[in-house]
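Asks: Quick one: the structure is below, questions incoming.
What follows draws every value from the coordinates through simple rules; no lab data is involved. Treat the numbers as computed from the prediction; the structure is a model and nothing was measured. Reconstructed Cβ throughout: ideal geometry from the backbone, glycine too, with neighbour counts over all protein chains shown.
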Amino acid sequence: MKSTTRQMLAATAITLTSALTVNAATWIGGTGTEFSTAANWDSGIAPPGESNETYIISGPVTVDRTESSSTFNTNVENGATLNVSGGTHNDNRAGNTIRNFVGSTTAGTVNVTGASTSYSIGHVLAIANGNNGNGAFTVSDGASVDIYRGSNNLIGTGGVVGGITYNASLSIGTAPGNTSTGLFEISGGSLSTRVGVNVGNGGTFSVVGSEVSSIVLGGSNVDAGWLILAAGSTLKATIDDSGITPIFVEKYAGTSGTFIQSIVNLASGALLDMDFASTPIAGTWTLVEMEDGDIVNDGFALTDSDIAAGWSFSVDNSGTNGLLQVTYVPEPSGAILGGLGLLALFRRRRN
C-alpha cells in the first residue's frame, strides 16, 4: 500500500552543525601528482591535515588520488582534474553548509574509476556553482560512491516542491538565472545517497547502460530519497545491448520521527535525452523506480530529436512502485522505404 504521509518541513532534511575553525590547503604540486603527498600542498601537511582542513585543487592541473585517504572536504576548480582510482577515500566533515565543490565559479572535473575504488562523502557533493562554475563528475569501471549525509538546497526555487524545501546529498546544476553547467555520469559501479538528488538549471544526471551495479537514492540510511528534476535540467539515459540500470528511490525506512516524504518530481522545463550505446533496438526500459509512491510529472518532456527518432515515455503509477519508462520504436529506414518504392514501381510496370 502506498504511503500517504505528507509531513511539512521547511528547514533541512537532516540537521547538521559545525562550529569548528576552517583551514585550507591549496595544491602546489612539484612532487608528482599524488593527492596524499604532503609536499604537494602549501601547508606541507598530507591529508587529513589540521582540524577541518579543506583541500583545494585549483588551476590547470591533474591530481591522482590513488592511496587510501581521509580528509574533511575537497574542492576542484579553475580547470583542475582529480582522478580517484584505487583505495578507500572518505571526505568526512559534517555540516549543512559543507560541500565538495566540483566547479565553483570556475571549472572542475572528478573521475572515480576502478573496482577497487571507494569514495565516501559526508556532506553534499555539489557539481557546478554560480556562473562559469562548470563541473563534471564521472563514476566508471566498478567504482563505488557513497554520499552519506545531506545539506542545504543549492538549486534555489527548483528545490522547493509543494512548499517543502528538499535539500540534497548530490546537487547537480544551479539555481535559475545562473549559467553554470553540471554533469554527473555513471557508467559502471554504484551510487548511494543518504537523502536525495537535486538536478537544477544546467544540470545533467546521466546513466549509461547496464554495467552500473546500483543507483539507490536514500540508500545510505533510513532517510527518504528523492529525485528532483527542476526546470532547465536533463535526465540523460543511454541504452546498451543489455538495457540500463534504473535509478531506485527509497522510501523512509524508519519507524518514528520527523521526515520528508520521498518524491520523484519531474518539472516543466526539464528534459529527457535518450541515446544508444551501440545499435538501436526496439524495446521498453525502466529509468526510474520510486518505492511505494507515485512519480509526479509536472511537464517533463523528451527532446524534439528523440521524439522524431521514435522515442516515447510514460509514468506508470498503477503498481506499488511508481515507474518512469521509456520506449523506442524505430522509424522505417530510408533503405526499407526505398526498397518498397522500387517494388511498387516494378509491380506497376508488370501491370
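Asks: What does the charge count around Phe72 come to, taking other residues whose C-beta lies under 9 Å from its C-beta (Lys +1, Arg +1, Asp -1, Glu -1)?
Replies: Local net charge: -1.
Asks: Hey, what did the stretch 271-316 get for relative contact order, percent, Cα under 8 Å, at least 6 apart?
Replies: Once divided by the residue count of the stretch 271-316, the mean separation gives 54 percent.
Asks: At 10 °C and a viscosity of 1.306 mPa s, what translational diffusion coefficient does Stokes-Einstein give for the stretch 211-260, taking Rh as the Kirkwood radius over Cα pairs? Give it in µm²/s as a whole number. Show your work: numbers first, answer last.
Replies: On the way: Rh = 13.0 Å.
Using the Kirkwood radius from Cα pairs, D works out to 122 µm²/s.
Asks: Mind ranking 55-66, 117-128, 281-292, 147-158 by how tightly packed they are, going by the mean number of other C-beta atoms within 10 angstrom, highest first?
Replies: 117-128, 147-158, 55-66, 281-292
Asks: Normalising by the residue count of the chain, find the relative contact order in percent from Cα pairs under 8 Å and 6+ residues apart. Present the calculation step by step, with values, prior to reporting the outcome.
Replies: Values: 1126 pairs, mean separation 36.0, N = 351.
The value is 10 percent.
Asks: Limiting things to C-alpha atoms, what are the Rg and the maximum Cα-Cα separation (Dmax) for the stretch 114-255, in angstroms?
Replies: Final numbers for Rg and Dmax: 14.2, 43 Å.
Asks: Rounded to two decimals, what is Rg over Rh for the stretch 66-195 when you use alpha-carbon atoms and the Kirkwood radius?
Replies: Ratio value, two decimals: 0.96.
Asks: So what's the angle, to the nearest 10 degrees on a 0 to 90 scale, between helix 334-350 and the longest Cα principal axis of the chain?
Replies: In the chain, helix 334-350 runs at an angle near 10 degrees to the longest axis.
Asks: If you build the Cα gyration tensor of the stretch 232-299 and take the root of 5 times each eigenvalue, what three semi-axes come out, in whole angstrom, biggest first?
Replies: Listed largest to smallest, the semi-axes of the stretch 232-299 are 28, 16, 9 Å.
Asks: Which is farthest toward the positive dipole end of the chain among Phe137, Thr81, Thr33, measuring Cα position about the Cα centre, with Cβ charges +1 (Lys, Arg) and -1 (Asp, Glu)?
Replies: Highest projection toward the positive end goes to Phe137.
Asks: Report the local net charge at Gly173: Lys and Arg +1, Asp and Glu -1, summed over other residues whose C-beta lies under 15 Å from its C-beta.
Replies: After counting each charged neighbour, the total is 0.
Asks: Measuring from label point to label point, each 7 Å out along Cα→Cβ, what is the Ala24 to Thr179 span in nm?
Replies: Simple spin-label model gives 2.3 nm for this pair.
Asks: Ranked from highest to lowest mean number of other Cβ atoms within 10 Å per residue, what is the order of the peptides 293-300, 29-36, 67-74?
Replies: In decreasing order of mean packing, 293-300, 29-36, 67-74 become 67-74, 293-300, 29-36.
Asks: Under 9 Å from the Cβ of Gly150, count the other residues' Cβ atoms, weight Lys and Arg +1, Asp and Glu -1, and hand me the total.
Replies: +1
Asks: Follow-up question, since we're still on this one. Which whole-number percent of Cα pairs in the stretch 203-324 have a distance greater than 25 Å? Working shown, then result.
Replies: Details: 1706 of 7381 pairs.
Of all Cα-Cα distances in the stretch 203-324, 23 percent exceed 25 Å.
Asks: Given bins 20 angstrom wide, list per bin the percent of all Cα-Cα distances in the chain, short to long.
Replies: Percent of Cα pairs in each bin: 30, 53, 14, 3, 0.
Asks: Could you work out the helix-only [θ] at 222 nm for the chain, with each DSSP H run of four or more residues adding -39,500 (n - 2.57) and the total divided by the number of residues, to the nearest 500 deg cm²/dmol?
Replies: Theoretical 222 nm ellipticity from helices: -2000 deg cm²/dmol.
Asks: To continue, here is another question. Work out the length of the dipole vector of the stretch 205-307 about its Cα centre, built from +1 on the beta-carbon of each Lys and Arg and -1 on the beta-carbon of each Asp and Glu, and round it to the nearest 20 debye.
Replies: Roughly 200 debye, rounded to the nearest 20.
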